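The values are calculated or read from the model by the stated rules, or taken from the named source; none is laboratory data. No experiment lies behind these values; they were computed from the predicted model shown. Using ideal geometry, Cβ is built from the backbone for each residue, glycine included, and neighbour counts are taken over all protein chains shown.
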Amino acid sequence: MKGRRLSNPSTPQERETDLRVVLAELHVIAHAVSALVPRVRIAIGAAVDECANVRMIDILNATSECFGVSQNDILSLRRTMNIVRPRQIAMYLCRKLTRRSYSEIGMFFGDRDHTTVLHAVHVVIRLADQDSNLTEKIRLLTDEILKEKPNDRNR
């Protein structure tokens, strides 16, 4: 806490002042940490999937490029359709191409609940059954993700 020493409070007002100072500094720290969470989540996902054939970060990268949406938007809480659909497809591909559980995928995609991932998978399956263009886009995206083998990656 920046080296500030708290007083030795003798009155309730001094105790309250010290408590307010501590809470304000904790708020600043919490804000800084929350800004790092998406980057840490991506790093953890990449490290955990290192042994797998496909990493969730690779799926996120490919989906982001395919749909012209930033990775941060896909991981964000925004619910606009131009972001939701790529996010759902990325979740579907993570489930299909990795050994990750619904909970792990949800955590990677912005600390979402496993039921959100389950819903995304069901939505993509239903939409792909109805729309051959979407089916083809998912197939091409899957091929793009799978063509780069882990042993071929430049690290």
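Filtered by the rule that a residue be over 20 Å from LEU140 (Cβ atoms), crowded, with 21+ Cβ neighbours inside 10 Å and at pLDDT below 95, region 76-107 gives a lone residue, ARG100.
Rundown of residues vs (1) free of Cβ contacts under 8 Å to residues at least 60 places away in the same chain; (2) under 21 Å from LYS147 (Cβ atoms); (3) under 13 Å from the mean Cα position of the chain (by Cα), yes/no style:
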| position | (1), (2), (3) |
| --- | --- |
| LEU60 | yes, yes, yes |
| PHE67 | yes, yes, no |
| GLN71 | yes, yes, yes |
| ALA90 | yes, yes, yes |
| ARG95 | yes, yes, no |
| ILE105 | yes, no, yes |
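Return the residue satisfying two criteria in turn: it lies in region 56-112 and is assigned to a helix (DSSP H, G or I) and of a type in the set (Ser, Thr, Tyr), and of such residues it is farthest from LEU127 (Cα to Cα). Here the answer is SER103. Restricting attention to region 108-130, and to residues there that are surrounded by 15 or more Cβ atoms within 10 Å (Cβ to Cβ) and within 15 Å of the chain's Cα centre (by Cα), which single residue is modelled with the lowest pLDDT? Of everything passing the filter in region 108-130, GLY110 is modelled with the lowest pLDDT.
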